[in-house]
Amino acid sequence: MMLPKKAKNNGQKDKAGGFTLIEVLIAMAIFAIGILAVTSMQIKAINGNTSAKIQTAETRLAVERMERLVGLPYDHEDLNELNNPHQGVDDIYAIVWNVTDDDPIAGTKTIRLSVSSSNPNAKPVSLNFIKGRGF
């Protein structure tokens with residue numbers, strides 16, 4: 001009985017081979033770097049959304065408080081310059097306002113209001129308003 005002869009390789013690689021370990025490791029490293037980049041982007045997006053949410057709440061509180069102050073009588077204690085700085089708290093937000101009597105323009109007061117949060121992602125919101133005696 002005669003056995004079939006093996007084909008000579010002539011220095012060529014066997015075509016039935018798969019990926020080498022080095023190729024798999026390089027592919028995994030590239031994939032891991034890509035996943036880290038996407039994760040970093042997601043963290044920044046979450047921080048940005050949190051900052052926007054807090055700033056929106058601060059703006060809403062600032063507008064509400066300013067509208068309340070503008071609606072008060074001219075001689076109300078919350079508009080008295082001697083009580084500066086006026087302070088208030090709403091949940092996690094600190095509300096501070098200062099009132100100054102404007103000398104050059106008789107019968108007006110300037111209200112400077114600021115709302116801030118202890119969250120490091122938040123920026124304080126400030127509003128200014130000039131209130132006249134007739135308003």
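Here, each number is a calculation from the coordinates, and none is a lab measurement. In this text the structure is predicted, and so the values were computed from the model without any measurement. Ideal geometry is used to build each Cβ from the backbone, glycine not excepted, and the neighbour counts take in all protein chains shown.
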Using packing as a proxy for protection, rank 65-73, 33-41, 107-115, 45-53 so that the peptide with the highest average count of other Cβ atoms within 10 Å comes first. 107-115, 65-73, 45-53, 33-41
Value of [θ]222 nm, deg cm²/dmol, for the chain, DSSP H segments ≥ 4, -39500 (n - 2.57) each, nearest 500: -14000 deg cm²/dmol
Among Phe19, Phe129, which comes first, then next, by fewest other beta-carbon atoms within 10 Å? Phe19, Phe129
Across the chain, how many lysine pairs separated by 8 or more positions, or lying on different chains, have Cα atoms within less than 20 Å? 7
